[in-house]
Structures are given as C-alpha cells and as structure tokens.
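Enquirer: Handing you a structure now.
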Number of protein chains: 4
Amino acid sequence: MSNMKLSFNTWAYSSFPVWVPAYPLDETIKRLARIGYDGIEIGAASPHAYPKYLNKERRREIKDVLDANGIALSSMLPAPGGGPGHNVSSPSPEERRHTIEHYKEVVELCAEWGGKTVLYVAGWQIFGTSRKQAWEWSREALRDIAKTAADCGVTMAVEPTPTDSNLVESCDDAIEMMEEVGAPNVKLMFDTVHAMYRNEVLTDYVYNMGKNLHHIHLSDNDRLPPGAGRGDFVSLVSALKEIGFGGYLTMEIGFNRRDVEPDQIARQAFEYMKPLISQ
Amino acid sequence: MSNMKLSFNTWAYSSFPVWVPAYPLDETIKRLARIGYDGIEIGAASPHAYPKYLNKERRREIKDVLDANGIALSSMLPAPGGGPGHNVSSPSPEERRHTIEHYKEVVELCAEWGGKTVLYVAGWQIFGTSRKQAWEWSREALRDIAKTAADCGVTMAVEPTPTDSNLVESCDDAIEMMEEVGAPNVKLMFDTVHAMYRNEVLTDYVYNMGKNLHHIHLSDNDRLPPGAGRGDFVSLVSALKEIGFGGYLTMEIGFNRRDVEPDQIARQAFEYMKPLISQ
Amino acid sequence: MSNMKLSFNTWAYSSFPVWVPAYPLDETIKRLARIGYDGIEIGAASPHAYPKYLNKERRREIKDVLDANGIALSSMLPAPGGGPGHNVSSPSPEERRHTIEHYKEVVELCAEWGGKTVLYVAGWQIFGTSRKQAWEWSREALRDIAKTAADCGVTMAVEPTPTDSNLVESCDDAIEMMEEVGAPNVKLMFDTVHAMYRNEVLTDYVYNMGKNLHHIHLSDNDRLPPGAGRGDFVSLVSALKEIGFGGYLTMEIGFNRRDVEPDQIARQAFEYMKPLISQ
Amino acid sequence: MSNMKLSFNTWAYSSFPVWVPAYPLDETIKRLARIGYDGIEIGAASPHAYPKYLNKERRREIKDVLDANGIALSSMLPAPGGGPGHNVSSPSPEERRHTIEHYKEVVELCAEWGGKTVLYVAGWQIFGTSRKQAWEWSREALRDIAKTAADCGVTMAVEPTPTDSNLVESCDDAIEMMEEVGAPNVKLMFDTVHAMYRNEVLTDYVYNMGKNLHHIHLSDNDRLPPGAGRGDFVSLVSALKEIGFGGYLTMEIGFNRRDVEPDQIARQAFEYMKPLISQ
C-alpha cells in the first residue's frame, strides 16, 4: 500500500487547446470528485481559472466547491502558447515580463485554493534565439517566480516538455535547470507522454529524479488514458514505490482532440491506476 | 485573369496552437514575400502580434518591413482558446469584456499596419449556457466591435468554425449573425476546411454568401495545402470568378501539427493556387 | 512440470543494435533476477561484456553480482556486424582471424562466469564470395573455436539466422554444419523468430533437432514478447516436453527498436512463458 | 549554379547495421562512380574499412580504385554501437580509450585516402551517467581527436544524432560542443533525417550553423532517398545556396532495412538531387 494520490488535469474539460467540450470549473470539480479522484490539477485557462477573470467572490466560491466535494487542489499551471504566449524564453521582453507576472498570479491563486505545487514549463526557442540565451531567460524567470512561490508555500516543479517545445527536453535538462536555480522550492516532475515521445524509459526518470521528483503527469501515448496504449505503468508504479514517492499521479489526457468524453477518460484512467497504486 | 490575391496566415510560423517552430514576424514577412504572396494574414498571437506586447517603435518597425518587402496586410485575427479564452460567448462577464477589448486592439493594430479586414470568430457555448444566450452575447459583442472597426475603416468578417466550435457553424449561421448585427462593415467569410468538415460543397458557400463574401480561408482537409487533399479548388475558383470575388484567398494551413516546414507548405500552396487564379 | 528454465538476452538493455536505452550490466542482472528469470544470456557487446574492456577486477565484480542475485549465466554470444564485423565467412582474412579470436575470448569469459553455452552465428556471404567458400571458412572457424570451447567445458550452439544472414538459414543447414564439424561439444539451437521469418513450423525444429537441441531463443514475430504476436508457443512447449528438453528458453526480444521499455517486455515475456512451462 | 557536390555513404553496401546485402569496397566505389557521384563517404566498418583489418597493400589498392574511378573520398566515420561500442561517453574508461584510438585510426586512414572530413558522433548516456559527465567525456575526447585530425589536415564535423542517441541532439547542442572544444578544425554538420525526427525545420539548421556548416547528410524520413518522403529539399538547397555552402551533400539512406537494393536508392537519390543543385 503506497501513499500516492490520484489527480486529474482539467484541460479536457476546458477550452485549451481544443475549444469544446468545455465545462464550468464547479461542474468539473464535482465530476472528478464523484469519480473518486483525491485531487484536481487546475489549468489557469478560460473558462476555469484565468486569474485576471476571477474576483474575490468567485475565488471563494471555487474554494467552497473544492471543500464541499472533498477534493484537493493538487497543482496548477498556465496554458502555454496562444495569444499571450506565456513563453518565458521569448525574445520579446514584454512577453517575458507578462509571463513572469502571470506565473506569480497563478502561484498566488494556487495558494489561495490550498494548493502547494505549480508546474513550470521552461519556454521554447524562437528562431533566432540561441539555446543559451533562451535557457538564461528561463532560469532567471524561474528564480524570480520561485521567490514569490516560497512566500506562498508553493513548490515549482520543472517539467521536460519535448513533445511541444525545444528547451527543457529531457530528464537531465530538468535536473540542470533545477540545480542552476538552486532554490529549495524548485523541484522536478515528468510527464510519461513526453518521455515516451523521446522513446525513453519511464523508470529511468523515476530513478534519476529520485528524491527531487515532486509531481507526475500520467498519460499513455497519444494522450490516451494509462493502460490504453503502450506505456509501462506497472514498472512505473513499482519504481515509484521503491523510491517512496508520495505525491500526486495526475492524469493529463484526452485534451488533444475534440472527440473525447472527459468523464469517460477520467473514469477509465482512475479504474486502471487505482488498483495499481493500492496493491 | 481574375483580381483575386493570395495571402498566407501566420499560425504555422507562430506559437499558436503548436509552440514550435516559431519565427519572428519580420522573418515571416520576408519569407512569404519571397515566395510571392500578395498579402499576409497576421494572427494576433505571440511571438508575432499580441497587441499588448507591441510598443510604438515595434509597430513602426513591422510596418516598415511590410512596406520594404512589398507585401500587404490582408487581414488579422485573435487566437481563440488558451489562457484568456477570447470567447465572446463565455459565461464569464470578465472574459467577454476582455475579449471585446482585445478585438478592438486587434482592429486598431490592423488599421495601423494598413489592413482593412479583421476576422470574427463568434465564440462557443460552454456547458450550461444556452445557444440563445451565447448567440446574444456574441451578436452584442460584434455590434460593439464593429463600431470601433468602422472608425478604423475595418470590415469584420464573420467565419463559421464548426470544426472547432459550436455556435456559428454553417453558412446560414454566419448570414444570420451578419443580418442581426446589421452594420455595413460586417461581412462574411468562410474557410474551406470547415465547410469540408460538414461535408458541404465549397461552391454553395460562394453562391450563398455572394456579394457579402469578403474574405476566404483556403485549406485542404486536415489543414493540408490546397491541392494536397480532396478539396475541389478548381470549381471553387471558377465560382469565385463568376461572382467577381476580388478579395484575398488566404491559406490557413499546416498549423495543426509540429512536423511541418512552414516554407514548404507556403510554397506548395502558392504554386498550386497561383496558376488557378491566373488563368 | 518440466525442467526447462527461462533466460533473457541482454541486447534490449545494451547498445546493440540500438544505442539507447542502455544499462550497466550490474543493473541489468539485478532487474532480470527480480522479475524471476533463472538465467541471463549476456551479449559480448558494449557496455556489458566486450572482453577486451573487462579487466580481472571487473570480471570478478560481475561474477559476484550474478551470484548475489541468484541468477545463472545461461549463455553468451558476440554482436555480429558493425565495425569489426565478426563475420567468420568474410573474404578478409584479417576479419576471419580476428573473429575467431573474439569467439575464443567470449568462450573463456563465459566459462569464467560459470556459463556452459556460446552461440554460433555462422557468418554471411559478401557479394563475390561463393556459398561453398563461405561455408568452408565458417566450418573451419567453428572447428577451431570448438577446441577452445572443449577445454573450457563450453558447448557451441549453431543457430540458423535467415532473417539477418544468408549462410546457415535453415534447420537442415545447422544440422549439416554440426555434422561436418563433428565435435561432441558442437550442438544446435534455433530462434523462433527466424523460423517464423521462413514461414516454418516451430515444432518441426524441435523434432528435427531432437536430442541435439541444446538451446532456444524465444521471440514472437517482429521481436515481440512471446504471446504478443502470432507464434504458437503452446505447441512449442508441448513438443519440448515431449523430447525432454531441459535447457534454457531465452527471450531475445525488443532490441530492434528504440521505443521499448526493457523491463516491460522482460516482465511480459516471463508472465506469459512461466505458466506454460510450469504446467 | 552552385558548387555543392553529391556523395553517397556506404552503409547500405556494408554489413552495418544490417548484415546483408554487403559488397566489397572496390565494387561499391565503382558502382557509385558509375552513377555519377562526386564523392563517397566510407564507413569504417567491415567488410569495407575497419582500420585494423587493412594492411598497407590493401590501403594502396583502395586508393587506386578511388583514383581510377574519378571519385573523391568525401568523408569517413566509425560505426557506433555493437561489440566495441565506440561510445566516447561510455562509463567504461577502456571503451573511451579504445574509441578515441579508433577515431584517430579513422582520421589517419581518411587522410591517407585523400579525405578531409571525419564525422563525430558525440556518444550517448548509459543509465547512471549524468548528461554533464557524458558531455565532458565527449568534449575531452573530441579535443584529443581534433589534435590528431589537425596534424592530418582533417576537419571533425559534429553531428546531432537524436534519432539514435541522447547527448548531442539538436542544432544548438552541436554548436555548444563545437564552441566548448574551440579548435579551428572542429565544425558542424547535420543529417536531415535527425532534424525531421525532432520535427524541426531543415533550413533552421542551415541558417543557425551558417559558416560553420561543413558537411551534410541527406535522407528523407525513414531513411528514404530525398524526394521519396516528406522532406523539403527544395527549401533546403535554396537556403544552402543563400549561405554559399560548397561542401558535400551525402546521402545516408536505405541502410536500416534489408529489403533495399543499394544501387536503386543511390541512383534515385542522385537523379532527384542533381537537378536541384544544378539550377
């Protein structure tokens, strides 16, 4: 019996990146709690939780819905790409500034809702920017954000995202970023779908990130629910037990296409993973 | 010989919806001009043209690059979905207000760069919002935006987007929206990929929209370049000549996946369409 | 209940033929033992066991890891192809000499680690070499190697490899090679994937090789784990029981592509085969 | 009219990584010259050119065949993986030493045959080695090899190989490696198939490597001949002309499977590329 918990990321219920189907956050929370999830990972995207759109009252309302349904906020993250970009490694100083501010707003909102983890997508290189320059911008941004996070009791989890980006691509890239920032509340996470995109072995990430592994995204290939593709979640859970991982396994699935029923994949993922972590 | 012009939409060169590859706007303008395009459709997304990130100097710079390369701004549009949503039919009043403001900023930027057309994506229903309510929010938003557009000499082109959304799905939906708003600078457009998604006939849109047809998006199925899929662009061009269409045929292609070389699809689309419209 | 044993070949954990993922030999031994394998078949390839790279100390270390994990060395083999070729039928006399020496080093290393079987890949014809000539070179090489093997208490197992080569392709080719060499420590083996490549019946190999059948490679089509493809392993095991086969069934799987998790296929193969041989 | 030249890599005619079909080097040289290639890239693998197997006489013989057929040695490279590994980033000090020596032998052989370029595959991480450590080993190895290369008038070309390895994966990785080594005879190259594996844009590599771009491997996806897949070789050649590239475009194709006729793909690639570079 492990102390790992199961969480579900809200993209599949939001307008990012696919516009529909989309559900209000209250509705999403209720459905995920009913399926049995311990936690919910809320993307800071419309129509759920874009900080600028949430006044005090609305924030309190959501907190109440979370409490009433007995589900915790496992984590939060911004939506990368699109209009404002949210690329900390953009050549535009305005975008970098805006993105850092946005991260801080997400951190504060996360803390307000009782969460302790915000994910860090390290940005990506635009043609004409060297990797070195992009890396430095990203590292300095994370240093800045991490201070605000520390004040809020929030840990930043650096995630390699090779499927979508070109800066922090691998397990080692994430480790180097964490080490260069050197803040106690900057830790690591990985998403199984990204590791599989690189044709890498999931347990390698577990052993290499080790005690700094703070958070996990679960997804089978093509953003299928765990167990529906070729991922080895049996070995993964076994390795996680071996290193004593006690955080959230968060499903980040099904948001890449429109013809998905969010409840179905949420249930399917839960039913596959629950017995695995309970053994 | 028609007086139709060819334009290329910048999504494939930007970070929306796929983050990479992405090129600075200056570079994108130069490449499209070199291939031979008459116009460029600039998405108001990072790293190209998110209005809040562009100071006066940068705006002048881009205007100069457009002029120096002899390419016109055919049109602009916001990036829907993601963090701020930009859904004029959102149940969140803050999001609706923000999106209307964003549209106005895009309209002004467009005029500043010599453009005369901004596309209108009418939003989409979130679970819990009735179609009637969403429609009214969208119509009122467009009325509001169209006033600013009129002041700027800009036409708003209503686009049915059934592939992605659930509000203005068809040719007739767009016509009804235009008629209900009833402003002289609110016109119509359609995207061939959306018409094909509904298994509809491309020329039906031409004849039905008729003299109100102001702008066109060209894309073969799966966002392939025209001529690479199953679309009938020969009949389409012939119908357009018949009604005397003199606007831009804008390629909106290749932005839905990462493994695309923007220059390749831009060149391929140009080489297929140029002879068709020149005959 | 048979006295067959299960073993796992290390290619999937090494840099041959696919460079990554690759694990140190110590790690590989531990993982295979934990899954439950009786034996391990160690390929004489980097980073595991290229004889020239292993000093005395390292050899003792590995022996200790084998013993500590309670897993036996079922067999060894060289890596064919690549830089030094290791083709006993090469037209280059330098390559033939080098390859014979390499085989002898592998035989000695095998004995040192308590193993009693080395596999013999009979080489392949290069354009311009007659089959007769290639055959003679291979036979003489095996005669030479078998003497050293006899001194070390090691049996050489001739394997037909039609999928990859063009000299010893069939059951009968292997039998002829064994008979022409005529040494008591030269025996036979077959790999199910090679038999299936020729669209042959697995049990035919069992009955034809009979009492000279010394070793077996198990693999479903496309190097999938047994049970994941179209191979008939039920009939195979039944025939093996009938002839009283008491050797190792060695999985040689998953090494042909990078997107494989070695632990996953090792576990999957074990879980499929263990009940079959235990009945 | 550019001054680019066409070359063909010998893997498809050798026993690496697929054992057959394989042809003697003399035969391979004659065939490629007859098709029209300006140069040949010889892999240092059996049965062609494993340095240890080539005595003085044989080396002179090959030099004569090259001269008699009017074809130049464009470049050489070792075969990575397999028995001796040839991984400069291996945790085994014996392997690292051996690999550095092997590289030096290849450099000397290359110079002896009139070649001026040797490719550098920067190695790969074995589980348990940090990227930082692997990188340092690789950089020091290259520094060492580059000295011998300088004495021989040979340039080392660093190649990103993400398809197969996990150390120098991207354009920027190669640039950083070159810069850290800081030797005038260490330059850059890229292989189109590796860039496409990362879903990257070919011309980005051209512009970013710029004047340091010394050599190129051409291959369409899946190691198909250029023009047979989805690669954009038109834009590539155009960008190469723009930066004034005057080196070899070397086909490294068709070696990943057995059911290929080397002459056919060599001819097909030549016939597609020759007109492109001649315009």
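Values in this text are rule-based calculations from the coordinates and carry no lab data. Quantities reported herein were computed from a predicted structural model and do not represent experimental measurements. Note that each Cβ is placed from the backbone with ideal geometry, even for glycine, and that neighbours are counted across all protein chains shown.
Enquirer: Under the rule of at least 5 residues apart or a separate chain, name every residue whose amide H is placed under 5 Å from the amide H of C:Trp113.
Expert: Amide H neighbours of C:Trp113, under 5 Å, 5+ apart: none.
Enquirer: So who's got an amide H within less than 5 Å of the one on C:Phe190, skipping anything under 5 residues away but keeping other chains? H placed 1.01 Å off N, in plane.
Expert: C:His215, C:His217
Enquirer: Further question: Treat the range B:1-145 as a sphere of radius equal to its Kirkwood radius over Cα pairs and apply Stokes-Einstein at 4 °C in a medium of 1.567 mPa s; give the translational diffusion coefficient in µm²/s, rounded to a whole number.
Expert: This corresponds to a translational diffusion coefficient of 81 µm²/s.
Enquirer: Suppose a student asked you for the relative contact order of the range A:1-152, using Cα pairs under 8 Å spaced at least 6 residues apart; what percent would you report?
Expert: 19 percent
Enquirer: Moving to a separate point now. Report ³J(HN,Hα) in whole Hz for each residue of the range D:123-132, in order, from the Karplus equation J = 6.51 cos²θ - 1.76 cosθ + 1.60 where θ = phi - 60°; Gly and Pro get x.
Expert: Once rounded to whole Hz, the list reads x, 8, 7, 8, 3, x, 9, 6, 4, 4.
Enquirer: Ok, one more. Using alpha-carbon pairs under 8 Å, 6+ residues apart, how would you state the relative contact order of the range B:7-49 in percent?
Expert: Relative CO of the range B:7-49 lands at 51 percent.
Enquirer: May I pose another question? Total Lys pairs in the range B:37-156 closer than 24 Å by alpha-carbon, pairs eight or more apart in sequence or interchain only?
Expert: Here the count comes out as 13.
Enquirer: I need C:Lys211, A:Lys147, D:Lys116 ordered by Cβ neighbour count within 10 Å, fewest first.
Expert: Ranked by crowding around the Cβ, least crowded first: C:Lys211, A:Lys147, D:Lys116.
Enquirer: Fewest to most neighbouring Cβ within 10 Å: what's the order for C:Phe270, C:Phe190?
Expert: Ascending number of Cβ neighbours within 10 Å: C:Phe270, C:Phe190.
Enquirer: Next question, about the same structure. Near the axis that takes chain B to chain A, which B residue has its beta carbon closest, and at how many Å?
Expert: Smallest Cβ distance to the axis, with its residue: B:Gly82, 1.
Enquirer: Let me ask you something else. Over what distance in Å are the Cα centres of the range A:50-83 and the range D:127-202 separated?
Expert: Cα centroid to Cα centroid, the span is 45 Å.
Enquirer: From the backbone phi of the range B:27-34, what are the Karplus-calculated ³J(HN,Hα) couplings (6.51 cos²θ - 1.76 cosθ + 1.60, θ = phi - 60°) in whole Hz, Gly and Pro given as x?
Expert: 4, 4, 4, 4, 5, 5, 5, 4
Enquirer: Report, as a whole number in µm² per second, the diffusion coefficient that Stokes-Einstein gives for the range C:20-100 at 37 °C and 0.692 mPa s using the Kirkwood radius over alpha carbon pairs.
Expert: Roughly 234 µm²/s, to the nearest whole number.
Enquirer: I've got another one for you. So what's the projected area for the range A:96-137, the Cα convex hull averaged over all directions, in nm²?
Expert: Projected area, direction-averaged: 3.3 nm².
Enquirer: Let me ask something else about it. How big is the range B:169-279 by the Kirkwood estimate over distinct Cα pairs, in Å?
Expert: About 14.6 Å for the range B:169-279.
Enquirer: Compute for the range D:16-56: radius of gyration divided by Kirkwood radius, i.e. Rg/Rh, restricted to C-alpha atoms, rounded to two decimals.
Expert: We get a ratio of 0.98 for the range D:16-56.
Enquirer: Shifting gears a bit: Would you please classify the overall shape of chain A from the alpha carbon gyration tensor, given that a ≥ b ≥ c denote the square roots of the eigenvalues, rounded means a/c under 1.5, and beyond that prolate means a/b larger than b/c while oblate covers the rest?
Expert: rounded
Enquirer: For every helix of n ≥ 4 consecutive DSSP H residues, a contribution of -39,500 (n - 2.57) applies; sum these over the protein assembly as shown, divide by its total residues, and give [θ] at 222 nm rounded to the nearest 500 deg cm²/dmol.
Expert: Result for the protein assembly as shown: -13500 deg cm²/dmol, rounded to the nearest 500.
Enquirer: Run through the other copies and list how far each one's label point is from that of B:Ala183, in nm with one decimal, shortest first; the point sits 7 Å from Cα along Cα-Cβ.
Expert: 4.4, 6.7, 9.2
Enquirer: Please list, in order along the range B:268-276, the HN-Hα scalar couplings obtained from phi with the Karplus expression 6.51 cos²θ - 1.76 cosθ + 1.60 (θ = phi - 60°), rounded to whole Hz, x for Gly and Pro.
Expert: With coefficients 6.51, -1.76 and 1.60, one gets 4, 5, 5, 5, 7, 7, 3, x, 4 Hz.
Enquirer: For a quick check: with amide H placed at 1.01 Å from N, whose amide H comes under 5 Å from B:Tyr120's, ignoring anything fewer than 5 positions away on the same chain?
Expert: Sorted by chain and number, the residues that satisfy this are B:Ala157, B:Val158, B:Glu159.
Enquirer: Copy-to-copy spacing for B:Arg257, label 7 Å out on the Cα-to-C-beta vector, in nm, shortest first?
Expert: 1.2, 1.7, 1.8
Enquirer: Same structure again: At 7 angstrom along the Cα-to-beta-carbon line, where would the label on C:Arg230 sit relative to the other copies? Give the distances in nm, shortest first.
Expert: In ascending order, 1.9, 2.8, 3.0 nm.
Enquirer: Apply the Debye scattering formula to the protein assembly as shown, with a single equal point scatterer on each alpha-carbon and no solvent, then give log10 I(q)/I(0) at q = 0.05, 0.08 Å⁻¹.
Expert: So the normalised log intensities are -0.37, -0.92.
Enquirer: Taking a ≥ b ≥ c as the square roots of the Cα gyration tensor eigenvalues, with a/c under 1.5 meaning rounded and otherwise prolate when a/b beats b/c, else oblate, which class fits the range B:73-150?
Expert: prolate
Enquirer: Would you work out if the range C:103-236 is rounded, prolate or oblate? Take a ≥ b ≥ c from the square roots of the eigenvalues of the alpha-carbon gyration tensor; rounded if a/c is under 1.5, else prolate when a/b is larger than b/c, oblate otherwise.
Expert: Here the range C:103-236 falls in the oblate category.
Enquirer: Here's another thing I want to ask about it. Using the count of nearby Cβ atoms within 10 Å as a rough guide to exposure, how do A:Leu276, D:Leu240, A:Leu249 rank from fewest to most?
Expert: A:Leu276, D:Leu240, A:Leu249
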